[in-house]
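Report on the structure given below.
The values are calculated or read from the model by the stated rules, or taken from the named source; none is laboratory data. What you see is a predicted model, and the numbers here were worked out from it, not measured in a lab. Because the Cβ atoms are built from the backbone with ideal geometry, glycine has one as well, and the counts that use them run over all protein chains shown.
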């Protein structure tokens, strides 16, 4: 066989194999297609690609993602200067707050704004969430971008995955219990992604190929595991069986694992920073629900006395009550984000906490 | 180190590279096989290497003496050094706590020398006595490590029936992986020499490599020395065709293991762990799940063993030949775990008298062979019951003379095919019932399982969806294999079928494999 024929044969075989694999995945192992349209923000971390529109498709749902010119998931544009007598809430989080798997109108940020407006509080909610963010990136985003929106209230999402994300990003570390900025940049895979995004073929594949999605997910999970293991090993950050280790200097006090210490410091730092720009600070708990396992609060990973330092809202009780009545709150076949009901419950919970607080009522009672 | 683990792929890749480099040096290749096999086996627990070394040296020495050859001083020295150095290396990682092992091996050597001297001095029929020693050592290892606790517990239970209270002797030992396989393999070496079917080897290296050959060390096939050992003395051709067919055979085995067996395992486990709470349909579905789990687990391992050996230029015997297409129990045992059933036939059934005596003796020999075959699988009454059940259906089919009728029936294609389908279906149901004994933890579970199935009998179950999801492709593949009479579907078929079957197997392994590395069922036997 001539070299030309051989080449044609090999190319055809590769092409056929790819088509075969794509249909195999679609038939036997349907995979969610959730492209991440992220790029580098000017302040060294990830941000949503401005003016991008794309679809998220899972076996459970299909959601249209529309990003405005500032990289915010919204159909509106926001100016840095707020209107008089308007309470501005700026929220930071990952894919849960960004509203993955639900339409814009069913996302937490949209519902929160809507609920508050209906109840007579003309608040504006600005959603600075970016998929994949941990607390460290949220803090950087607050300091670099969030403050420009002159927030009256800052809300941070808290999910147990933040413990690993904070270690992985390596943006901050603890030096004798003091939080120090370690790196100015954390842009994992962004250069390659930016380069690939120039090609329409690539954009077509990430938005339509379940095969690509399955392979990417599998690779990402393995790389994340590897990175988390390496970072924690190299810096002895998470001592093994840390729950059982007791601090030698204070024998009655259990030794807190490094990743938890770091997360607490980051949350407290965000609170202090918010105070410095005259904004109230709140944390919203994202309960964890793995398939066929009992739901639990992400707060269970933090020290019990954290509630005395931070204002925390957790929907865990409501979630558990609804779950016991066979209500689904998470998409079980997709990426496991809150479904429409889940988003609504969290928005209701935060709304009622705010309405019942002295802070929001005094905000509108106060002459501006 | 499991075949389905990342560690094995790294190990095999590195091993193959060195093996290929030394392709023109047979002894270096054999040394590599020995070292590689010991690393492979030592990855479970390096101390168990001592057992393999003891078995190897015993059969090396007895093999030579059975054939009537005198041991040279060099051979004795080599065997002694191999045993002591091997033991030292095996216990090195846990030296302080394993020093007793070295002591035991030294004692064994002393006793062995005494026995050899006694046999040579006081007995006339040396050959028989050396065979006896070989069988005693191998069965002794098996007995101590596998059956002590079972027989001790059974004795206590038996005594309790008569009101006698005995203290149970319990050995706190883990079952060494693959001990039932390599002890049977080495025994076949000594017996074959005794029977004059083969000559003993003078080379300890080749003998040790044969006993420890890693592709089939831990779960068979139980090779015959007359088939495998000579391959260590011949220059092995590492050709592209063997490598490719071996690779696809390995992938086919991997598909059966990680996609089918490992995904059916949780379903079977769930049903067998709590049969009282299951519906009749769930119990049947769980039993079917186990029927295919054990087939894909074990035949998958055998395929991977044969595939990896073929890549190294070795030919290992076929162990499974579409067993669920059997029409009769005797056909089933010619298709299921062929290496064990032929071993039992040659070294147990025939010496017991086979079918040479009266009909009653034939039936007795059949049942006894199957009961001992059941016991080989594990130290539990459920395995004995399974063996007895297999013996019973073999006898039943013999009484009905179904095998004879099959061979003598007139040629009539359509009617024959319909008869075959009926016989295969009946046999499949009988096999499935047999697996209930095999899988259940106790005979009480068997009883509650059977009462659960027949009380409010129904077939429907929610479990069928998941079971059929994994089984349907296998059934289609096996029908094609049966129709084409071709077991290596990924290599020896029309290229269109071949390409699609290969892509299907690869995609299944990538996207449908059960997460985590699950051990093979037969590693426990």
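Quick grid of which residues meet (1) modelled with pLDDT under 90; (2) farther than 22 Å from residue B:65 by Cβ:
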residue	(1), (2)
B:185	no, no
B:189	no, no
B:193	no, no
B:204	no, no
B:218	yes, yes
B:225	no, no
B:229	no, no
B:249	no, yes
B:253	no, yes
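Does residue B:94 fit the bill of being more than 16 Å from residue B:308 (Cβ to Cβ), surrounded by 14 or more Cβ atoms within 10 Å (Cβ to Cβ) and in contact with a helix residue (DSSP H, G or I) (Cβ under 9 Å, 6 or more places away or on another chain)? Let's see the steps before the verdict.
Values: more than 16 Å from residue B:308 (Cβ to Cβ): yes; surrounded by 14 or more Cβ atoms within 10 Å (Cβ to Cβ): no; in contact with a helix residue (DSSP H, G or I) (Cβ under 9 Å, 6 or more places away or on another chain): yes.
Taking the combined requirement at face value, the residue does not satisfy it.
The rows are residues; the columns are (1) at pLDDT below 95; (2) surrounded by fewer than 24 Cβ atoms within 10 Å (Cβ to Cβ); (3) under 23 Å from residue A:55 (Cα atoms).
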{"site": "A:106", "(1), (2), (3)": "no, yes, yes"}
{"site": "A:111", "(1), (2), (3)": "no, yes, yes"}
{"site": "A:118", "(1), (2), (3)": "yes, yes, no"}
{"site": "A:135", "(1), (2), (3)": "no, no, no"}
{"site": "A:138", "(1), (2), (3)": "no, no, no"}
{"site": "A:163", "(1), (2), (3)": "yes, yes, no"}
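For residue B:10, state whether it is closer than 23 Å to residue B:243 by Cα and over 24 Å from the mean Cα position of the chain (by Cα). Don't jump to the end; show me each part of the working.
Numbers: closer than 23 Å to residue B:243 by Cα: yes; over 24 Å from the mean Cα position of the chain (by Cα): yes.
Yes.
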>> Anything in segment A:321-344 that is in contact with a strand residue (DSSP E or B) (Cβ under 8 Å, 6 or more places away or on another chain) and free of Cβ contacts under 8 Å to residues at least 60 places away in the same chain? List them, or say none.
In response: A:329, A:330, A:336, A:342
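Please return the ranges of helices (runs of 4 or more DSSP H) entirely within segment B:2-82 where 3 or more residues are more than 13 Å from residue B:205 (Cβ to Cβ), out of contact with any helix residue (DSSP H, G or I) (no Cβ under 9 Å at 6 or more places or on another chain) and free of Cβ contacts under 8 Å to residues at least 12 places away in the same chain. Explain how you work it out, then say what you get.
Details: elements: B:6-21, B:26-45, B:49-66.
Result: B:6-21.
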>> If I filter segment A:29-47 down to residues being more than 20 Å from residue A:203 (Cβ to Cβ) and touching a helix residue (DSSP H, G or I) at 6+ places or on another chain (Cβ under 6 Å), which single residue comes out as nearest to the other protein chains (Cβ to nearest Cβ)?
In response: A:29
> Is it true that residue A:126 is free of Cβ contacts under 8 Å to residues at least 60 places away in the same chain, closer than 26 Å to residue A:42 by Cα, touching a strand residue (DSSP E or B) at 6+ places or on another chain (Cβ under 8 Å) and assigned to a strand (DSSP E or B)?
Replying inline: yes
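Table: residues versus (1) free of Cβ contacts under 8 Å to residues at least 12 places away in the same chain; (2) crowded, with 17+ Cβ neighbours inside 10 Å; (3) not in a helix (DSSP H, G or I).
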| site | (1), (2), (3) |
| --- | --- |
| B:425 | yes, no, no |
| B:470 | no, yes, no |
| B:479 | yes, no, no |
| B:483 | yes, no, no |
| B:486 | yes, no, yes |
| B:505 | no, yes, no |
| B:508 | no, yes, no |
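Being more than 23 Å from residue A:328 (Cα to Cα) and at the interface with chain B (Cβ under 10 Å from one of its Cβ atoms): is that true of residue A:20 here?
Yes: the conditions hold for residue A:20.
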> Identify, please: which residue in segment B:488-503 is touching a residue at least 12 places away in the same chain (Cβ under 8 Å) and within 14 Å of chain A (Cβ to nearest Cβ) and is, among those, farthest from residue B:275 (Cα to Cα)?
Replying inline: B:497
> Considering A:81, A:57, which residue is over 16 Å from the mean Cα position of the chain (by Cα) and farther than 26 Å from residue A:156 by Cβ?
Replying inline: A:57
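Does segment B:512-521 contain any residue that is out of contact with any helix residue (DSSP H, G or I) (no Cβ under 6 Å at 6 or more places or on another chain), more than 14 Å from chain A (Cβ to nearest Cβ), closer than 21 Å to residue B:254 by Cβ and part of a loop (DSSP other than H, G, I, E, B)?
Initial filter on segment B:512-521 (out of contact with any helix residue (DSSP H, G or I) (no Cβ under 6 Å at 6 or more places or on another chain)): B:515-517, B:519.
After this cut, where a residue has to be more than 14 Å from chain A (Cβ to nearest Cβ) as well, the list is B:517, B:519.
With closer than 21 Å to residue B:254 by Cβ added as a condition, the list becomes B:517, B:519.
If we keep only those that are part of a loop (DSSP other than H, G, I, E, B) as well, we get B:517, B:519.
Scanning segment B:512-521, I find at least one residue that is out of contact with any helix residue (DSSP H, G or I) (no Cβ under 6 Å at 6 or more places or on another chain), more than 14 Å from chain A (Cβ to nearest Cβ), closer than 21 Å to residue B:254 by Cβ and part of a loop (DSSP other than H, G, I, E, B), so the answer is yes.
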> From A:234, A:169, A:200, which residue is at pLDDT 90 or above, away from chain B (no Cβ under 14 Å) and surrounded by fewer than 14 Cβ atoms within 10 Å (Cβ to Cβ)?
Replying inline: A:200
>> Can you pull out every residue in segment B:347-363 that is touching a residue at least 12 places away in the same chain (Cβ under 8 Å) and in a helix (DSSP H, G or I)?
In response: B:347, B:348, B:349, B:362, B:363
> Does residue B:108 qualify as being in contact (Cβ under 8 Å) with a residue 12 or more places away in the chain and either assigned to a helix (DSSP H, G or I) or closer than 30 Å to residue B:192 by Cα (or both)?
Replying inline: yes
> Which residue pairs have Cβ atoms under 7 Å apart, sit 6 or more places apart or on different chains, and have a first residue in segment B:309-324 that is on the phi > 0 side of the Ramachandran plot and a second that is in a loop (DSSP other than H, G, I, E, B)?
Replying inline: B:313/B:236; B:313/B:237; B:313/B:238
>> Looking at B:428, B:454, B:477 in this structure, which one is modelled with pLDDT of 95 or more and more than 14 Å from chain A (Cβ to nearest Cβ)?
In response: B:428
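For segment B:222-236, indicate whether the set of residues that are out of contact with any helix residue (DSSP H, G or I) (no Cβ under 9 Å at 6 or more places or on another chain) and part of a helix (DSSP H, G or I) is non-empty.
Scanning segment B:222-236 turns up at least one residue that is out of contact with any helix residue (DSSP H, G or I) (no Cβ under 9 Å at 6 or more places or on another chain) and part of a helix (DSSP H, G or I).
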> Which number in (1) more than 17 Å from the chain's Cα centre (by Cα); (2) more than 17 Å from residue B:297 (Cβ to Cβ); (3) surrounded by 15 or more Cβ atoms within 10 Å (Cβ to Cβ) marks the one condition that residue B:259 misses?
Replying inline: (2)
>> Here are the criteria: (1) in contact with a helix residue (DSSP H, G or I) (Cβ under 6 Å, 6 or more places away or on another chain); (2) over 26 Å from residue B:440 (Cα atoms). Tell me which single one residue B:256 does not satisfy.
In response: (2)
